[in-house]
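The values are calculated or read from the model by the stated rules, or taken from the named source; none is laboratory data. Since we're looking at a predicted model, the values are computed, not measured. Cβ sites come from the backbone with ideal geometry, for glycine too, and all protein chains shown count toward neighbours. Only protein heavy atoms, including side chains, enter the accessible area calculation; ligands, DNA and RNA are left aside. Shrake-Rupley method; radii C 1.70, N 1.55, O 1.52, S 1.80 Å.
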Amino acid sequence: MPSILRRATRAVAAAALLAGAVSSPAQGREQYFPLQSYRVGPYAAGGTGFFGGFIDYLQLVNLRDGGVNQVKLTWSECETEYVVEKGVECYERLKKGHNGAPAAATNPLSVGIAYATLDRSAADKLPLVTINHGRTDSTDGRVFPYVFPLQLNPYSEVSAIVNYIGQQAGGLERLKGRKIITLYHGSPYGKETIPVLELLSQKYGFALQQIEVPHPGNEQQSQWLTIRREKPDWVILRGWGVMNPVALKNAQKVGFPASRIIGNIWSNSEDDAAPAGEAAKGYLAITTHPSGTGFPVLQDIKKYVVDAGKGNLADPKRFGNVYYNLGVVNGILNVEALRVAQARFGKRPLTGEEVRWGFENIRIDDARLKELGATGLVQKLRLSCSDHEGGGAVRFQQWDGQQWKLVSDWVQADRALLRPIIERSSLQYAREKGVAVRDCTQEGSAVAAGK
């Protein structure tokens, strides 16, 4: 190859890397999803699985349905490496859309990046989706109109875990005198639940100890020696990435049974359990989205996307695993918001502000789940102006050495207990930031009147 041509080829390749992998050029009737993804680093397993499932679902809607009411979906990726500064840079680069296609919402899958772009999203009127994670008080849409911790906020997560432990003990009143240790990731994500766990400890009378594991979680020997000395009844594992299999291996070393460890929503995948080998057998974890390929929507993705050679996963064996299925669920909810908003604003590409209205009016019942092919994969969900979570339930699964097996029905968080705490925090944020609190009663009346 002539040297000039080689240099030109390299320049084109470099430009493509900087721009990310763009799905297709926009042509006037396209809706754009900017993806702050991460495919390298200690959290790559989560990023590749989640964004793989998200992209494959967008592909499915294009290939099977011709888009959403003939509006094609387009996207591009920007690598964050789970680093906050890079995530903010990606947000600024992608927020204005692509080739004329407006951005629908951002989905960074990172608490740190979500915190750093929260105020920017409000100023830019662009929804910030933090499915199953994020800042808990952003559940209050009166104060955080553009933030959506869909399905499960962190407080609901630990509340549901405590409710399950209560079930195993024969009732919440029997938690008195028990001992629970929480092992949490040393990041804003890991620290989010510290105050609500203290509240639950006081309410139910169990002894609580919360132990931090510094990022990324490779060193845990001293923490597990403490656990061996304290002999807790249960350990709640709030890990992420490499921290999870390291925790399970250390538990085995100190003789703590895996069947008394409950992983949270970011400690619940095959990529968390399998690398720990025999140490993971019996390990419990919560989930909002079971693994598996039998759901009709997964079968459609296989037929229209994967078998057509257009799947996003580098390793096809990960199709249908926990991280991948969460990406599919996230895709379903993003597209559902767009579809709901189109019914109100018109069957065309929409602004972020219009898509935000769609998120607030998501109504997913049993009939809609069946239409989506997602019965058993997604919980029933009803969002509103004031409630940007909408669900708050989890199921429990147990690792049998090869795969996850569901071992419970849906366990609901105590949302009535949590709501006043959420409102106190959100209203304090509103006072500090000078945010005007929305009157959801009036907004609901305006919608009912068709305004």
message: Could you order the peptides 338-346, 242-250 from most to least packed, using the average number of other C-beta atoms within 10 Å per residue?
response: 242-250, 338-346
- request: Mind checking the full-extension length gain between Ile421 and Val40? Use 0.36 nm per residue of separation minus the Cα-Cα distance, one decimal, nm.
  value: 133.5 nm
query: Modelled label-to-label distance, Asp307 and Gln442, 7 Å Cα→beta-carbon offset: nm?
result: 5.5
- request: Report, in deg cm²/dmol and to the nearest 500, the calculated mean residue ellipticity at 222 nm for the chain, where each DSSP H run with n ≥ 4 adds -39500 (n - 2.57) and the sum is divided by the residue count.
  value: -13500 deg cm²/dmol
- request: On a C-alpha basis, how far is the centre of the range 69-93 from the centre of the range 168-224 in Å? Whole number, if you could?
  value: 34
query: How many nm separate the modelled label positions at Asp233 and Arg431, each set 7 Å beyond the Cα in the direction of the Cβ?
result: 3.7
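So if I place +1 on the C-beta of Lys and Arg and -1 on the C-beta of Asp and Glu, and nothing else carries charge, what would the dipole magnitude of the chain be about its Cα centre? I want it in debye, nearest 20. Present the calculation step by step, with values, prior to reporting the outcome.
Values: 53 positive and 44 negative charges, 55 e Å.
The dipole of the chain has a size of about 260 debye.
Computing the accessible area with a 1.4 Å probe over protein heavy atoms, can you report the carbon and sulfur percentage for the range 62-102?
Details: 880 of 1940 Å².
Accessible surface attributable to carbon and sulfur in the range 62-102 totals 45 percent.
Taking the Cβ-Cβ separation of Arg368 and Arg93 as r and a Förster radius of 51 Å, what is the calculated FRET efficiency to the nearest 0.05? Each step should come with its number before you reach the end.
On the way: r = 35 Å, r/R0 = 0.68.
Computed FRET efficiency for Arg368 and Arg93: 0.90.
Rounded to the nearest whole Å², what accessible area per residue is found for the range 304-449 with the 1.4 Å probe? Don't skip to the answer; put the middle values down first.
Values: 6700 Å² over 146 residues.
That works out to 46 Å² per residue.
Quick check for me: using +1 on Lys/Arg Cβ and -1 on Asp/Glu Cβ, what's the dipole size of the range 271-313 about its Cα centre, in debye to the nearest 20?
Numbers: 4 positive and 5 negative charges, 35 e Å.
The dipole of the range 271-313 has a size of about 160 debye.
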statement: For the chain, the longest principal axis of the Cα atoms and the Cα long axis of helix 3-19 enclose an angle in degrees, to the nearest 10, of 60
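With a 10 Å radius around each residue's Cβ, average the other Cβ atoms per peptide and rank 126-132, 194-200, highest first. Kindly include the intermediate steps, with their values, before the conclusion.
On the way: 126-132: 26.0, 194-200: 17.9.
With the highest mean Cβ count within 10 Å placed first, the list reads 126-132, 194-200.
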query: Taking the range 124-251 on its own, what percent of its Cα-Cα pair distances exceed 18 Å?
result: 58
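At a 10 angstrom cut-off on C-beta neighbours, averaged per residue, how do the peptides 46-58, 316-328, 358-370, 405-417 rank from highest to lowest?
On the way: 46-58: 25.8, 316-328: 22.6, 358-370: 17.2, 405-417: 14.4.
Top to bottom by mean Cβ count within 10 Å: 46-58, 316-328, 358-370, 405-417.
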message: Rounding to the nearest 10 and keeping the result within 0 to 90°, find how far the Cα-based axis of helix 221-230 lies from the longest principal axis of the chain.
response: 40
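In the structure displayed, which of Lys95/Lys370; Lys72/Lys310; Lys125/Lys191; Lys96/Lys370 lie more than 25 Å apart, Cα to Cα? Don't skip to the answer; put the middle values down first.
Numbers: Lys95/Lys370 33 Å; Lys72/Lys310 16 Å; Lys125/Lys191 28 Å; Lys96/Lys370 35 Å.
Flagged as over cut-off: Lys95/Lys370; Lys125/Lys191; Lys96/Lys370.
Hand me the trypsin sites (Lys or Arg not before Pro) from the range 18-125 located in a DSSP loop with no more than 15 other Cβ atoms within 10 Å, in residue order please.
Working: sites: Arg29, Arg39, Arg64, Lys72, Lys86, Arg93, Lys95, Lys96, Arg120, Lys125; in loops: Arg29, Arg39, Lys95, Lys96, Lys125.
Passing sites in the range 18-125 are Arg29, Lys96, Lys125.
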message: If you count only protein heavy atoms with a 1.4 Å probe, what accessible area per residue comes out for the range 28-181, rounded to a whole Å²?
response: 29
message: As I understand it, the value is the acute angle between the Cα axis of helix 44-65 and the longest principal axis of the Cα atoms of the chain; what does it come to in degrees, rounded to 10?
response: 40
query: If you wrap a convex hull around the C-alpha atoms of the range 335-451 and split its volume per residue, what is the figure in Å³?
result: 176
field: Cubic angstrom per residue, convex hull over Cα atoms of the range 41-130
entry: 96
field: Orientation-averaged projected area, Cα convex hull of the chain (nm²)
entry: 23.1
